[in-house]
1. Run the numbers for residue 20 and residue 689: contour at 0.36 nm per residue of separation, minus the present Cα-Cα distance, in nm.
2. Taking 0.36 nm per residue of sequence separation and subtracting the Cα-Cα distance, how much length would be gained by fully extending the chain between residue 202 and residue 647, in nm to one decimal?
3. Determine the alpha carbon to alpha carbon distance for each of 186/673; 516/554; 566/673 and list only those over 21 Å.
4. Rounded to two decimal places and with Rh computed the Kirkwood way over Cα pairs, what is Rg over Rh for the range 74-153?
5. With all protein chains present, how much of the accessible area of the chain (probe radius 1.4 Å) comes from carbon and sulfur, to the nearest whole percent?
6. Could you give the nm distance between label points at residue 420 and residue 596, where each point is 7 Å from its Cα heading toward the beta carbon?
7. If R0 is 25 Å, what FRET efficiency do you get for residue 681 and residue 626 from their C-beta distance, rounded to 0.05?
8. Given a 1.4 Å probe and heavy atoms of the protein chains only, how would you sort 255, 14, largest accessible area at the top?
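The values are calculated or read from the model by the stated rules, or taken from the named source; none is laboratory data. Remember, predicted model here, so these are calculated numbers, not experimental data. Using ideal geometry, Cβ is built from the backbone for each residue, glycine included, and neighbour counts are taken over all protein chains shown. What goes into the accessible areas is simple: the full protein's heavy atoms, side chains included, and nothing from ligands, DNA or RNA. Shrake-Rupley method; radii C 1.70, N 1.55, O 1.52, S 1.80 Å.
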Amino acid sequence: MHPATEQNESDIDERIAGLLGRMTLAEKIGQMSQINGAAGSIPEQLRDAIAAGRVGSIINEVDPATVNELQRIALRESRLGIPLLIGRDVIHGFNTIFPIPLGQAATWNPGLVKDAAAIAAHEATACGINWALAPMLDIGRDPRWGRIAETFGEDPYLISVLGTAMTAGYQGDDLAQPGAIAACAKHYAGYGATEAGRDYNTTNIPENELRNVHLPPFEAAANAGIATFMAGFSDLNGIPCTGNGFLMNQVLRDEWAFDGFVVSDWESVTQLATHGFTADDRESAERAVNAGLDMEMASTSFIDQLESLIADGKVSERTIDTAVSRILHIKFALGLFDDTGAHARQQATESDALALAHQAARESIVLLKNDNGVLPLSAENIRSVAVIGPLADAPQEQLGTWVFDGDPTLSQTPLQAIQQLADRGVEVHFAQGVATTRSHTEDGFAAAVAAAAKADVAVLFIGEEAILSGEAHCRADITLPGNQAALVNAVAATSTPVVLVVMAGRPLVLENVLNKATAIFYAWHPGTMAGPAIADLLFGNESPSGKLPVTLPKAVGQVPIYYAQKNTGRPGIPDSPINIDSISEFGQFESAGFTSFHLDTGCTPRFGFGYGLSYTRFSYSDIQVSTHTVALGDTFEISADLTNEGDREADEIVQLYIRDLVGSVTRPVRELKGFRRVRLSPGERRRISFQLHTDDLAFYGADMQRRTETGAFRAWIGGNSAAEQGIDFTVTA
Ligand code: GLC
């Protein structure tokens, strides 16, 4: 049940029934139609359609005066005065931009993700927006896919926790509260498995994998009361999501009792014919609405075809009434009928928004390498810094993808932030090096080398511009674009230590620069406050705490590669030697032998899920389980000591992994089942405990029933998915 307060549920149901009884069929179908706005104007045709009650929602209108006029027409000029849903892609901020969702996932901080969504809702409602088309809950396991930038990474549990948090940030405790906006779980479902990492491509996902990996974040959102779902573009096992009754009727409605509504993706109803799933628009409308789709985005099959489909008995009016009731339910729950649509809550002050964006960016950045403790830099022993690279001073690029309403004038760039340190006597030498991340000229190299040569440290801001990730922006080669690697080599040829700050919308393959840098930060696209966040970490105002929410491969040929893999019958040997040049039949590779690995890259990634360094050193010890024999249905506890062995206070994200050693279907070698951000002082030791219920170990077995199977389990607690502190326990009947 979405969070409309219980006591008004029956009131809402009565009001829906009353309204439905007065609506013509044309007005009902109108509610099922979302029309693209006209960017600050209202064409006569749109004005007439709204006044005739033939529009249920507008997307992409953000001019407050225009939105108010659209609502006024709907409320005052249409026969029944049904207000409009005003939808917008509020993906990772509105005017103030937070890290891309993949970066927010690297914070492993649900409270922060929730607060960021609440700030975004503050800013969006000021324009009259009442529906955010987020969170995106797809599984991100293919870095070639441009939309991995919008995911919360590769793990269903982490995605579930963060997606639920973002939903709570948008929707608050009650949709009717000022400033709450409806959220949207997308893209239902399995979009992340798009073949070859090419957007909109086919997805083939066995039901068992769909239910154990791809669906859990959507079920968590449904259980958390998300108001809407969005059907995906993809062909899922031959049945496109937009016409997939298994997804929308059986799972979403019958199994999960979801009571919100489902909107299509952009023209995905008409695309059913392009898929070859239907013969034409008429059949597309029929198949989509009978599969459980309630609202059509951007295309007009519903408006054009449903009346005649009903007349021909292909679609029942009951189906229409059900869809319209779901849509009206959300409009009532949002309180749209009871206010003039000016749904804005008090504006979060800009400084609140910027302060949170600063914290989010700082916590999202992952320290991958820090040889010889070159970081943090200290203004005491660093007299000059060279700031180099195409992303050092790029206010728009640092925002990342999906920032329709982002305000780059708010951006504080790394160059600006580091220059502010110059006030403390630090000389800053800036050189762009290359014009963009995709440049192929070396014109700027000399200035970059010169800047590095006269500095104590060279900080290079490289990676991908925002345009290289996001929807329909996939890459088959996921190394650094352009000739950035040559720039790194040129700068590294000086004797000046090199620190890389990589900004990107996906995991990149860094093999050709890895050994050129003494230290490497992975910053994703950090958003408005990228500069202050990076400066904080560079100069040690705060210790890095981000952890990878997605695996970084050694080569694109390893993809898909993720930590929660199956063991196989011949598991690869993590440290087997890798030298394809000197392979002999059974010699060199005896240690690797006939196991699952690549001759040229082995079987392990460059950096694994959950990995991230700190400026201190954390150790784990004394893992315990409350009982080594856990009865089905019981709760139990797994705990370990965490110690800050270093000399500075810092956060650590403690992670709990579980393995079900034997199952009716094979189970992953590890699965994240808990995590917690903990701050320890130097020398401090603290016991960290995770409470679990045996239900937390459940999975869909060969019979497609979800249950926890008895038998042997192993648990680990540590700072990444290769955690070594392990302990065995058994679940008994
Ligand atoms: C796009 C995206 C979807 C977005 C919608 C509206 O094609 O797939 O995520 O919400 O259309 O912009």
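1. So the chain would gain 235.6 nm between residue 20 and residue 689.
2. This chain segment gains 155.1 nm when fully extended.
3. Flagged as over cut-off: 186/673.
4. Rounded to two decimals, Rg/Rh equals 1.11.
5. 48
6. 4.8
7. 0.35
8. Sorted descending by solvent-accessible area, the residues read 14, 255.
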